[in-house]
Amino acid sequence: MSSEIRITPSILNADFSRLQEEIEKISPVSDLLHLDIMDNVFVPNFTFDFQKASEIISQSPIPVDSHLMVANVDEIAIQYAEAGSSSVTFHVEAAQNISKTIRSVKQLGARASIALKPGTQIEEYSEFLDLVDMVLIMTVEPGFGGQKFMTDMMKKVSMTKHLIGDRPIWIQVDGGISLETIEIAREAGADTFVAGSAVFNSPEPALMVEKLRALASSH
Ligand code: DX5
Ligand code: ZN
C-alpha cells in the first residue's frame, strides 16, 4: 500500500463569514483545500456561485480540489479548471461525456477526478481509470456535512483499489471522516481524506488535521 496520505479539509462546515481566516488555520498542515460546490439541483443545498468560488480558489494559500456537486457538470468542470483549481472532481451521475470532460480538465493543467454517489458502482466506470488522476468514493449522500460515515462503502473502496491496480490514481473518501473512521477507510485502500465537520467543529482545526494524518499514516 502506498505510504502517501493526503488530508484535504472541507470548508463546508467552516464559518463562511470569516472564510479566509478559517482557511489560513488549516493551510499549513493540509495537502489540499476541498471546496464543495452545490447548485441546489444535483443536491438539495447551495454553497457558492462561480464568482465567489473563483475568489476562494485564487486566494487559497494551498491548492484547491473543487468537488462539483452540480447538474450538467461538463462545461462547469472546465470553468473550474480555468479558474485555477489544482484538481477538479465531478460526479459521473451529472456528466454527459465523461472522457471528454476529463481530457479537457487535464488539458487546462488540472488533475481530473470522478466522484461516485453511494448508489453508483465503480465497475460501470472502470473504463475511465485509464484517464483519471483520482476517484472519489462518497461515504455519505452528497449535500451536507456532519452525516454518518457509511461503512458499507468500504467494499467499493477496496474494489476501486483492485481495479486501479498499479496505476498512480488517488482514492479519496468524503463524508463522515473522523478520528473514529479514518483508519477503516485507510485499511480499505483510501489515501486521500476529506474531513469537514471533524476539522472545523474542532476547537483546534490544525491539530485535528495532524491527528487525522497520524492515524491514517499508522496503517
Ligand atoms: C458532502 C460534502 C463533503 C462534506 C463532508 O456532500 O461533499 O465534503 O463537507 O463533511 P463531513 O466531513 O462533515 O462529513
Ligand atoms: Zn465534498
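The values are calculated or read from the model by the stated rules, or taken from the named source; none is laboratory data. Nothing here was measured: the structure is a model prediction, and the numbers come from that model. Every residue, glycine among them, receives a Cβ derived from its backbone with ideal geometry; neighbour counts consider all protein chains shown.
Numbers below:
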{"quantity": "Considering residues of segment 86-104 that are farther than 29 Å from PRO61 by Cβ and in contact with a Ser or Thr (Cβ under 7 Å, 6 or more places away or on another chain) only, the residue farthest from ligand 2 (Cβ to nearest atom)", "calculated": "ALA95"}
{"quantity": "Members of segment 75-94 found to be within 20 Å of ASN45 (Cα to Cα), part of a helix (DSSP H, G or I) and not β-branched (Val, Ile, Thr), listed by number", "calculated": "ALA77, TYR80, GLU93, ALA94"}
{"quantity": "Filter result for the condition that a residue is farther than 21 Å from ILE177 by Cα and buried (at least 19 other Cβ atoms within 10 Å of the Cβ), over ARG111, ARG103", "calculated": "ARG111"}
{"quantity": "Subset of segment 37-52 (residues that are surrounded by fewer than 23 Cβ atoms within 10 Å (Cβ to Cβ) and either part of a loop (DSSP other than H, G, I, E, B) or within 14 Å of ligand 1 (Cβ to nearest atom) (or both))", "calculated": "MET38, ASP39, ASN40, VAL41, PHE42, VAL43, PRO44, ASN45, PHE46, THR47, PHE48, ASP49"}
{"quantity": "Candidate set: segment 7-21, residues that are closer than 14 Å to GLY196 by Cα and more than 18 Å from the chain's Cα centre (by Cα); chosen: the one surrounded by the most Cβ atoms within 10 Å (Cβ to Cβ)", "calculated": "LEU19"}
{"quantity": "Qualifying positions in segment 150-179 - near ligand 1 (Cβ under 10 Å from one of its atoms) and either more than 19 Å from ALA115 (Cβ to Cβ) or among the aromatic types (Phe, Trp, Tyr) (or both)", "calculated": "SER178"}
{"quantity": "Unique residue being of a type in the set (Asp, Glu) and under 29 Å from MET150 (Cβ atoms) when the list is GLU124, GLU21", "calculated": "GLU124"}
{"quantity": "Residue in segment 180-190 that is away from ligand 1 (no atom under 14 Å from the Cβ) and outside any helix (DSSP H, G or I) present", "calculated": "yes"}
{"quantity": "Count of residues meeting criterion [within 19 Å of ALA115 (Cα to Cα) and of a type in the set (S, T, N, Q)] in segment 28-80", "calculated": "6"}
{"quantity": "Tally of residues being within 14 Å of ligand 2 (Cβ to nearest atom) and among the hydrophobic types (A, V, I, L, M, F, W, C) across segment 159-184", "calculated": "2"}
{"quantity": "Inter-residue pairs, beta-carbon under 9 Å, first under 18 Å from SER85 (Cβ atoms) and in segment 32-50, second of a type in the set (Gly, Ala, Ser) and at pLDDT below 95, 6+ apart", "calculated": "none"}
{"quantity": "Within segment 101-137, tally of residues that are β-branched (Val, Ile, Thr), touching a strand residue (DSSP E or B) at 6+ places or on another chain (Cβ under 6 Å) and part of a loop (DSSP other than H, G, I, E, B)", "calculated": "1"}
{"quantity": "Condition broken by HIS34, with the remaining ones in (1) assigned to a helix (DSSP H, G or I); (2) within 25 Å of SER126 (Cβ to Cβ) satisfied", "calculated": "(1)"}
{"quantity": "Whichever residue in segment 191-207 is more than 11 Å from ligand 1 (Cβ to nearest atom) and not in a loop (DSSP other than H, G, I, E, B) and, among such residues, is farthest from the chain's Cα centre (by Cα)", "calculated": "LEU207"}
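Residues checked against (1) under 12 Å from the mean Cα position of the chain (by Cα); (2) of a type in the set (A, V, I, L, M); (3) closer than 17 Å to ASP65 by Cβ; (4) at pLDDT 95 or above:
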residue	(1), (2), (3), (4)
ILE78	no, yes, yes, yes
GLU93	no, no, no, yes
ALA115	yes, yes, yes, yes
GLN121	no, no, no, yes
GLU127	no, no, no, yes
